[in-house]
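The values are calculated or read from the model by the stated rules, or taken from the named source; none is laboratory data. Small disclaimer: the values here were computed from a predicted structure and weren't measured. Here the Cβ is made from the backbone with ideal geometry for all residues, glycine too, and neighbour counts use every protein chain on show.
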């Protein structure tokens, strides 16, 4: 337990990486395939969890008779494989200093500085490039365009 506490303290004491827009964009392009694979694995895990829960419920309701052991073992192996894929991809993403804000939609934040203020350069899967930023206390809803030409119809420069 003491080793885990020491490891967590070391991780929290490490300075947060700050990205320039160029570095964030390069990192985003490198990470996109890992993000897509992690999202896919997570979705498959959700489907597999539902399937395994349904089998468990059927076994419970039937008193445990006729348990499909081979099928369950294969499903558990598939589950472990998907878990490993997701974990590996998430670790690759986090190791860059990038923050995963929402895995369901593929939302990544890159710590940065704009006008001497800490901000996150914000990108969501499906966007062609990093176009927005927000302060750490604002979150996704407080996104502002990096370039006024990126304003959407409902956006306004603050």
State the number of residues belonging to the range 36-87 that are in contact (Cβ under 8 Å) with a residue 40 or more places away in the chain and out of contact with any helix residue (DSSP H, G or I) (no Cβ under 8 Å at 6 or more places or on another chain). 2
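Might you check whether a residue that is out of contact with any helix residue (DSSP H, G or I) (no Cβ under 8 Å at 6 or more places or on another chain), within 26 Å of residue 139 (Cα to Cα), part of a helix (DSSP H, G or I) and modelled with pLDDT under 95 occurs anywhere in the range 12-19?
Within the range 12-19, one or more residues are out of contact with any helix residue (DSSP H, G or I) (no Cβ under 8 Å at 6 or more places or on another chain), within 26 Å of residue 139 (Cα to Cα), part of a helix (DSSP H, G or I) and modelled with pLDDT under 95.
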Mind listing whichever residues of the range 88-141 are surrounded by fewer than 18 Cβ atoms within 10 Å (Cβ to Cβ), assigned to a loop (DSSP other than H, G, I, E, B), more than 13 Å from the chain's Cα centre (by Cα) and in contact (Cβ under 8 Å) with a residue 60 or more places away in the chain? 129
Please specify each residue of the range 104-124 satisfying the condition of being closer than 30 Å to residue 47 by Cβ and out of contact with any helix residue (DSSP H, G or I) (no Cβ under 6 Å at 6 or more places or on another chain). 104, 105, 107, 108, 109, 122, 124
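Give me the residue from the range 53-70 that is part of a helix (DSSP H, G or I) and exposed (fewer than 11 other Cβ atoms within 10 Å of the Cβ) and, out of that set, farthest from the chain's Cα centre (by Cα).
Among those that are part of a helix (DSSP H, G or I) and exposed (fewer than 11 other Cβ atoms within 10 Å of the Cβ), it is 61.
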